[in-house]
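The values are calculated or read from the model by the stated rules, or taken from the named source; none is laboratory data. It should be emphasised that the depicted structure is a prediction, and the values quoted were computed from it without experimental measurement. Note: ideal-geometry Cβ built from the backbone for every residue, glycine included; neighbour counts use all protein chains shown.
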Amino acid sequence: MAYQLGTIGGVKITARPSAIVASIALWAVATEVATAFFHASLAAGILQGLIITLLHWLSDLLHQAGHAIAARSVGYPMSGLRLWFLLSSGLYPLDEPELPARTHVRRALGGPIISLIVSVIAGVIALLMRNADSPYTWIAIFAFLDNLLIFTLGAFVPLSFTDGGTLLRLWRNRNAPPALS
């Protein structure tokens, strides 16, 4: 089961129920962090928790936009994006032909490259805010760490659902004997 959220740039976006539940949980945890550790009022904590949740999903969408741009540039565009838990997966046409490894690598690297750029921007903002007496400084630090640790470096962890998993599978198959017909 997936909820249709719309289409951006020809990419259909859907969300599994786990994405909605996890988003509410992130909002609640971030609200608690804001009130317990940063002494925000409940109303301010709720707002800061919402901002954290929205920034996380914006970061995820920017990461996937990097994949979509790379995929379009190699001539095999992404057809969909599925949000699940606090992550997402790019979807490609089921009838897509077997693609060269170089094409897969370019598509896989598109997301982490954009996320690295976003990490640098968020890091600069966090550094500029470090001496400011703002209750939103921790949000800037969160945005930096979320982009750096989850969407840039975390993307290379070799799991079946990450960019690192794709790259590892391609690396392992580089010397595989051709399939027999």
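Just a few scattered comments:
- Candidates 150, 117, filtered to the one that is out of contact with any Phe, Trp or Tyr (no Cβ under 6 Å at 6 or more places or on another chain), part of a helix (DSSP H, G or I) and surrounded by fewer than 16 Cβ atoms within 10 Å (Cβ to Cβ): 117
- Residue check for residue 155: closer than 30 Å to residue 44 by Cα, out of contact with any strand residue (DSSP E or B) (no Cβ under 7 Å at 6 or more places or on another chain) and modelled with pLDDT of 95 or more: no
- Test: residue 68 is within 15 Å of the chain's Cα centre (by Cα), small (Gly, Ala, Ser) and either under 21 Å from residue 147 (Cβ atoms) or surrounded by fewer than 16 Cβ atoms within 10 Å (Cβ to Cβ) (or both): yes
- Out of 115, 79, 59, sole residue that is in contact with a strand residue (DSSP E or B) (Cβ under 8 Å, 6 or more places away or on another chain), in contact (Cβ under 8 Å) with a residue 24 or more places away in the chain, hydroxyl-bearing (Ser, Thr, Tyr) and under 19 Å from residue 161 (Cβ atoms): 79
- Number of the condition not met by residue 96 [criteria: (1) touching a residue at least 12 places away in the same chain (Cβ under 8 Å); (2) under 28 Å from residue 143 (Cα atoms)]: (2)
- Checked against the criteria, residue 81 does not count as assigned to a helix (DSSP H, G or I), hydrophobic (A, V, I, L, M, F, W, C) and under 24 Å from residue 117 (Cα atoms).
- Of all the criteria given as (1) over 26 Å from residue 155 (Cβ atoms); (2) in a helix (DSSP H, G or I); (3) of a type outside the set (Asp, Glu), the one not satisfied by residue 39 is (2).
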